[in-house]
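Participant: Please see the structure below; I have some questions.
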Amino acid sequence: MQIEPQAFDRVLSSMCTEPHPVAREAAERFLATNPGDPGTYPTVATLEDEAIERLGEIVGLDDPAGYVASGGTEANVQAVRIARERATGPDPNVVVPESGHFSFQKAAELLDVELRIVPTNDHHRASLEAVRAAADDETALIVGVAGSTEYGRVDPIPELGVIAREVDAMLHVDAAWGGFVLPFTDYEWHFGHAPVDTMAIDPHKMGQAAIPSGGLVVRSSELLDELAVDTPYLESTSQATLTGTRSGAGVASAVAAMEELWPAGYRSQYVRSQNNAEWLADALEKRGYEVVEPTLPLVAADVPQSTFEALRAKGWRISRTAAGELRIVCMPHVTRAMLASFVGDLDRLEVR
Ligand code: PLP
């Protein structure tokens with residue numbers, strides 16, 4: 001029996017998307033390769049070096065180090081791990097704005113570090129006062145989010161960097177979702193603008209690569225060395241990744257997507273997605289809903305629970321923020337026609 005995967009025509013909540021055709025094709029060709037064992041699979045290992053070079057270009061690093069991870073969760077966990085390894089005090093803590101992804105909770109539990117979750121301001125961005133108040137000389141890491149999961153907001157990364165340096169902590173930027181759209185905006189978010197040490201940037205989200213294709217990028221290879229363990233039974237001698245066997249498909253598709261789309265293809269996709277988000281925000285506002293302005297292609301709006309449930313019953317794959325707003329992510333597969341059909345359903349519900 002052939003089971004068809006999820007169709008994308010009603011998916012409005014996901015941060016992943018249909019892979020670009022060249023990424024799909026590359027993934028298929030490299031399905032049986034394992035970049036976790038580069039001595040045995042040298043071709044995919046070379047491709048992974050290329051992936052990191054290209055990610056370095058996107059995030060503003062001339063000499064990047066890192067690897068293609070399983071996703072943003074792994075990149076965030078590994079960033080916390082690097083910081084913990086570098087910490088000098090006995091009780092390291094990590095300061096994260098409340099907009100931080102739940103993967104930081106996993107990291108804190110796994111790595112036994114204290115997580116200090118601090119409030120965001122009225123614009124859903126990290127409050128610098130709150131971060132400053134929470135950070136102390138046991139702080140190993142300060143996290144800034146560049147494209148938050150719920151509202152698509154970008155924290156003031158350079159200012160967070162100043163605080164991190166004041167307390168001798170590292171700075172991690174979670175651009176897992178935002179990383180492939182931010183180069184086309186005015187936000188200061190990357191290694192070139194601020195003392196960023198580590199970053200999550202996922203090709204399998206806005207990068208249009210196949211799943212699993214996440215990115216951990218670090219300022220210098222010494223930071224990656226903090227993660228390395230000896231690997232006696234492999235042809236290579238050490239491994240910095242969290243998982244052992246990894247997806248060559250993810251690596252190959254990331255390179256294929258970036259080769260094809262960086263920068264012009266990503267730029268035009270960002271413009272399309274952002275225009276769609278603004279169109280939707282406008283349409284919802286005109287219908288009387290309170291909307292959180294989309295600074296990146298993600299719209300949140302205060303839609304009643306009953307309307308939300310009715311839209312779900314019509315097959316729309318939508319989700320809510322912790323505060324209960326409807327949340328729609330304008331990923332590459334989300335077209336204006338899809339959004340118009342969604343708003344049409346909303347109008348029909350309102351008439352009843
Ligand atoms: N960081 C951010 C900002 C995210 O939005 C997400 C997921 O949506 C993650 C990290 C986790 O990524 P993954 O689900 O690929 O592990």
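Participant: From the list ALA146, ALA130, ALA107, which residue is crowded, with 24+ Cβ neighbours inside 10 Å and out of contact with any Gly (no Cβ under 7 Å at 6 or more places or on another chain)?
Facilitator: Exactly one residue qualifies, and that residue is ALA107.
Participant: For a quick check of your reading of the model, give me the residue pairs whose first member lies in segment 43-72 and is of a type in the set (Ser, Thr, Tyr), whose second is assigned to a loop (DSSP other than H, G, I, E, B) and within 16 Å of the ligand (Cβ to nearest atom), with beta-carbon atoms closer than 8 Å and at least 6 apart or on different chains.
Facilitator: Once the first residue is of a type in the set (Ser, Thr, Tyr) and sits in segment 43-72, its partners that are assigned to a loop (DSSP other than H, G, I, E, B) and within 16 Å of the ligand (Cβ to nearest atom) give TYR67/THR241; SER70/PRO212; SER70/LEU242; SER70/THR243; SER70/ARG246; SER70/SER247.
Participant: I would also like to ask the following. Filter segment 133-160 for residues that are without any contact (Cβ under 8 Å) to a residue 24 or more places away in the chain and more than 16 Å from PRO119 (Cα to Cα) and give the result.
Facilitator: Matches in segment 133-160: none.
Participant: Restricting segment 130-145 to residues that are part of a helix (DSSP H, G or I) and small (Gly, Ala, Ser), which is nearest to TRP189 (Cα to Cα)?
Facilitator: ALA130
Participant: Return the residues of segment 98-129 that are in a helix (DSSP H, G or I) and in contact (Cβ under 8 Å) with a residue 24 or more places away in the chain; say none if nothing qualifies.
Facilitator: SER103, PHE104, LYS106, ALA107, ALA108, LEU110, LEU111, LEU128
Participant: Counting only residues that are within 30 Å of PHE342 (Cβ to Cβ) and within 18 Å of the chain's Cα centre (by Cα), give me the helices (runs of 4 or more DSSP H) lying completely in segment 1-86 with at least 2 of them.
Facilitator: Fully inside segment 1-86 and qualifying: 72-86.
Participant: Taking the conditions exactly as written (more than 14 Å from LEU12 (Cβ to Cβ) and in a loop (DSSP other than H, G, I, E, B)), does GLY288 satisfy them or not?
Facilitator: yes
Participant: Here's a follow-up. Starting from residues that are of a type in the set (Gly, Ala, Ser), surrounded by fewer than 24 Cβ atoms within 10 Å (Cβ to Cβ) and closer than 24 Å to THR139 by Cβ, keep the ones in segment 50-98 and report whichever is modelled with the lowest pLDDT.
Facilitator: Among those that are of a type in the set (Gly, Ala, Ser), surrounded by fewer than 24 Cβ atoms within 10 Å (Cβ to Cβ) and closer than 24 Å to THR139 by Cβ, it is GLY89.
Participant: A further question follows. Mind counting the residues in segment 237-257 that are within 15 Å of PRO21 (Cβ to Cβ) and aliphatic (A, V, I, L, M)?
Facilitator: Counting residues in segment 237-257 that are within 15 Å of PRO21 (Cβ to Cβ) and aliphatic (A, V, I, L, M) gives 6.
Participant: Any idea which of ALA264, ALA257, ALA228, ALA252 is of a type in the set (A, V, I, L, M, F, W, C) and within 16 Å of the ligand (Cβ to nearest atom)?
Facilitator: Only one candidate passes the filter, namely ALA257.
Participant: Are there any pairs, at least 6 apart or on different chains, whose C-beta atoms fall under 7 Å, with the first in segment 291-309 and buried (at least 17 other Cβ atoms within 10 Å of the Cβ) and the second hydroxyl-bearing (Ser, Thr, Tyr) and assigned to a helix (DSSP H, G or I), and if so, which?
Facilitator: Correct list of pairs: PRO297/SER273.
Participant: What single numbered condition from (1) within 16 Å of the ligand (Cβ to nearest atom); (2) more than 30 Å from LEU261 (Cβ to Cβ); (3) buried (at least 19 other Cβ atoms within 10 Å of the Cβ) fails to hold for ALA175?
Facilitator: Tallying (1) within 16 Å of the ligand (Cβ to nearest atom); (2) more than 30 Å from LEU261 (Cβ to Cβ); (3) buried (at least 19 other Cβ atoms within 10 Å of the Cβ), ALA175 fails exactly one: (2).
Participant: Check every one of the strands (runs of 3 or more DSSP E) wholly within segment 146-247 and list those with 3 or more residues that are hydrophobic (A, V, I, L, M, F, W, C) and out of contact with any His (no Cβ under 6 Å at 6 or more places or on another chain).
Facilitator: Those strands (runs of 3 or more DSSP E) span 170-174, 214-218.
Participant: On to the next question. How many residues are surrounded by 15 or more Cβ atoms within 10 Å (Cβ to Cβ) and farther than 14 Å from TYR289 by Cβ when one looks only at segment 318-334?
Facilitator: Number of matching residues: 7.
Participant: Could you go through segment 305-322 and let me know if any residue there is in contact with an Asp or Glu (Cβ under 6 Å, 6 or more places away or on another chain) and either of a type in the set (Lys, Arg) or closer than 25 Å to GLY147 by Cα (or both).
Facilitator: There is at least one residue in segment 305-322 that is in contact with an Asp or Glu (Cβ under 6 Å, 6 or more places away or on another chain) and either of a type in the set (Lys, Arg) or closer than 25 Å to GLY147 by Cα (or both).
Participant: Within segment 213-263, how many residues are among the charged types (D, E, K, R), touching a residue at least 24 places away in the same chain (Cβ under 8 Å) and under 30 Å from GLY192 (Cβ atoms)?
Facilitator: The qualifying residues number 5.
The values are calculated or read from the model by the stated rules, or taken from the named source; none is laboratory data. Every value quoted in this text rests on a predicted model; they were computed, and no experiment measured them. Virtual Cβ from ideal backbone geometry, glycine too; neighbours counted across all protein chains shown.
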